[in-house]
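The values are calculated or read from the model by the stated rules, or taken from the named source; none is laboratory data. The structure displayed is predicted, hence computed values, not measured ones. Cβ placement follows ideal geometry from the backbone for every residue including glycine, while neighbour counts extend to all protein chains displayed. Just so you know, the surface numbers come from the protein's heavy atoms only, side chains and all, with ligands and any DNA or RNA stripped out. Shrake-Rupley method; radii C 1.70, N 1.55, O 1.52, S 1.80 Å.
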Amino acid sequence: MRSVARWLADQERIDSVLEALPSGMDRVERARCQHLVYGVVRHAGRLEELLNLLIAHPPRFTTRAALLLAGFELIDAADPGAQARIVHHAVEQTKALASPAEARLVNAVGRRLAAALAAQKPLPRFASAEELGERYSHPVWLVRRWLIAFGAEPTRRLLEWNQTPAPVHLRWRQPAAAPPPWAQATAWPGFFSALPGHWPEIEAEISAGRAYVQDPGTRLAVELLDPRPGETILDACAAPGGKALQIADAMRTGRLVALDASGAEAGDPRFRRLTDNLRSSPLPVAAVGLDLLHPRLGAELERRGAPARYDAVLLDAPCSNTGVMRHRIDVKWRLRETDFGRHARQQLQLLAAAAALVAPGGRLVYSTCSIDPEENEQVAGRFLERHPGFQGGRQALARPWTEGHDGAGVFVFRSGH
């Protein structure tokens, strides 16, 4: 309840909220807490709409957190008979953390909330953006944008996808060894879905360098990069390191540089995570803390002992994250309409900087975890217009509602000189 109240009050990123959980919590308790907090964030829009109809004056954040948690548990409960128990638990928590008067409010509103949720009927096939946004807890402007881009049925499937918890996927790094029985094969070679309840075993496999937690959608950028043994390759925005590690596993020999702006400041946790993840690489990887938009990038790379030109460059650019909202559940509440244009401008700047590092005849791969054309096809088209020395090649556009994994856009450009 405190974690939800903190999220409501401070609008912090949800990973920061969960990092603040007491260190003494056991694994089961922590997992339960994460499930509840994630559920509230996923369904916050739907629940807030109902609560605003049921409460005349917004209560304190602690009391509102109790109602939101009860609301998610009511949505999540498989047994309709659990309503009374859920509301009673919310009342007892409010007594302990707020006041008896607020507990009485939670009791009255909680019961009415349960009835309101039970009375909601399925939406019509061609529901409006407002109806879809409210029911599936997404900003209406974002739903409207997707309806225009993808149509009614794909948009609803995307919204449903974003509202479901994501399974844990692993990339198995040792093809010669069979994965453990709790790792189930998927449609994507080398990727496995971990059965629930095996996190200690997953951590052991990661520590041993046999597995890496990674959504199958991320494989597309590395597959189209096509890293080859003996090449010199740059991962230009490398943190947290999953794609760099996959490149290293494919190369086995050669030279790999992992560049990330987060390393420009000492002690940045994102850069530290990158270096930690690369420790199990089959070949040495140079992790360089440097902004891709550094005005003298090539010279600065050479000063730090890295090449100024590469056979292949991967630019996995910062983006809106619209393809990974099932994992990054609070993105939809932080995203703004103006962010797409801002990201596209930055992406073109980063592409121009990355292009200057590609050796003659080399290849540049641009990837995002966005599903929006403004950050994918449109950026790729503008890059080719502005850089006649490059030619377009293969591309991949992954849609969660069709591929069954995170969304992504990947584009290959080849240097003609």
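Show the residues, 5+ positions off or on another chain, whose built amide H is closer than 5 Å to the amide H of D316.
A236, C237, S367
Sorting check: for 37-49, 257-269, 20-32, which peptide has the highest mean count of neighbouring beta carbons within 10 Å, and how do the rest follow?
In descending order of packing, they fall as 37-49, 257-269, 20-32.
Putting +1 on Lys and Arg Cβ atoms and -1 on Asp and Glu Cβ atoms, find which of L292, M251, T275 reaches farthest to the positive end of the dipole of region 244-300.
M251
Give me the net charge of N321's neighbourhood, meaning all other residues with Cβ under 14 Å from the Cβ of N321; Lys, Arg count +1, Asp, Glu -1.
Taking every other residue near N321 into account, the sum is -2.
Based on the mean of other beta carbon atoms within 10 Å per residue, what is the order of 363-373, 60-70, 293-303, most packed first?
Highest mean packing first, the order is 363-373, 60-70, 293-303.
Considering the options Y136, A119, P165, tell which one lies farthest towards the positive end of the dipole of region 86-173, charges being +1 on Lys and Arg and -1 on Asp and Glu at the Cβ, about the Cα centre.
P165
Using the Karplus curve 6.51 cos²θ - 1.76 cosθ + 1.60 with θ = phi - 60°, work out ³J(HN,Hα) for each residue of region 299-307 in order, rounded to whole Hz, and write x for Gly and Pro.
5, 5, 4, 5, 4, 9, x, 10, x
Counting only protein heavy atoms and a 1.4 Å probe, tell me what percentage of the chain's accessible area is made up of carbon and sulfur. Intermediate results must be reported in sequence, preceding the final value.
On the way: 10100 of 19390 Å².
The C+S portion of the solvent-accessible surface of the chain is 52 percent.
Pulled fully out, how much extra length does the chain show between L195 and A264, if you take 0.36 nm times their separation in residues and subtract their Cα-Cα distance?
Extending this stretch completely gives an extra 21.0 nm.
Could you work out the local net charge near R85, counting Lys and Arg as +1, Asp and Glu as -1, over the other residues with Cβ closer than 10 Å to its Cβ?
Net of charged neighbours comes to -2.
Please check which bits of region 77-95 a label hung off E29 would reach, taking the label as a point 7 Å along Cα-to-C-beta and the cut-off as backbone N under 13 Å.
Counting backbone N atoms under 13 Å from the label point, the list is empty.
About the Cα centre of the chain, what is the dipole size in debye to 20, counting +1 per Lys and Arg Cβ and -1 per Asp and Glu Cβ, all else neutral? Spell out each step's value before the answer.
On the way: 51 positive and 46 negative charges, 41 e Å.
Its charge dipole is roughly 200 debye.
What whole-number value in Å² describes the accessible area per residue of the chain for a 1.4 Å probe? Walk me through the numbers before you get to the answer.
On the way: 19390 Å² over 417 residues.
That works out to 46 Å² per residue.
I'd like the distance separating the alpha-carbon centroids of region 113-192 and region 197-257, in whole Å.
After rounding, the separation between the Cα centres reads 25 Å.
When the Cα centres of region 280-324 and region 1-48 are compared, how far apart do they sit, in Å?
Answer, in whole Å: 34.
Let me spell out the model: positive unit charges on the Cβ of Lys and Arg, negative unit charges on the Cβ of Asp and Glu, origin at the Cα centre of region 367-416. What dipole size does that give, in debye rounded to 20?
My answer is approximately 280 debye.
How much of the DSSP beta bridge set in the chain is antiparallel, as a percent to the nearest 5? Don't skip to the end; give the middle numbers.
Working: 23 of 41 bridges.
Around 55 percent of the beta bridges assigned by DSSP in the chain are antiparallel ones.
L292's amide H: which non-local residues (gap 5+, or another chain) put their own amide H closer than 5 Å, with H modeled 1.01 Å from N in plane and none for Pro or chain starts?
HN-HN under 5 Å from L292: A261.
How much length is gained if the chain between Q349 and R125 is pulled fully straight, taking 0.36 nm per residue apart and subtracting their Cα-Cα distance, in nm to one decimal?
Details: separation 224, 0.36 × 224 = 80.64 nm, distance 4.15 nm.
My answer for the length gained is 76.5 nm.
So, in nm, how far is label W141 from label H88 when the simple model puts each one 7 Å beyond its Cα toward the Cβ?
With each label placed 7 Å out from Cα toward Cβ, I get 4.5 nm.
When the helix-only estimate is applied to the chain (DSSP H runs of n ≥ 4, each -39,500 (n - 2.57), divided by the residue count), what is the mean residue ellipticity at 222 nm, nearest 500 deg cm²/dmol?
The helix contribution divided over the chain gives -14500 deg cm²/dmol.
Nearest 5 percent is fine: what portion of the DSSP beta bridges confined to region 218-368 is antiparallel?
Of those bridges, close to 0 percent are antiparallel.
Could you give the dipole magnitude of region 1-126 about its Cα centre, charging the beta-carbon of Lys and Arg +1 and that of Asp and Glu -1, in debye to the nearest 20?
It works out to roughly 300 debye.
Grab the other residues whose beta carbon is less than 10 angstrom from that of A127, score K and R as +1, D and E as -1, and report the net.
The answer is 0.
Which whole DSSP H helices in the chain pass both tests: a Cα extent of 30 Å or more along the axis and a mean Kyte-Doolittle value no lower than -1.0?
27-54
Determine the relative contact order of region 35-194: mean sequence separation of Cα pairs under 8 Å and six or more apart, normalised by residue count, in whole percent.
Once normalised by length, the contact order is 19 percent.
Spelling out what I want: for every residue of region 180-186, take phi, set θ = phi - 60°, compute 6.51 cos²θ - 1.76 cosθ + 1.60 (Karplus), and round to whole Hz; glycine and proline get x.
x, x, 7, 9, 8, 5, 10
Taking the alpha-carbon centroid of each part, what is the distance from region 358-417 to region 61-104 in angstrom?
Result: 47 Å between the Cα centres.
Positive end of the charge dipole of region 342-411 (Lys, Arg +1 and Asp, Glu -1 on Cβ, about the Cα centre): tell me which of L350, V410, Y366 has its Cα farthest that way.
Of the candidates, L350 comes out farthest on the positive side.
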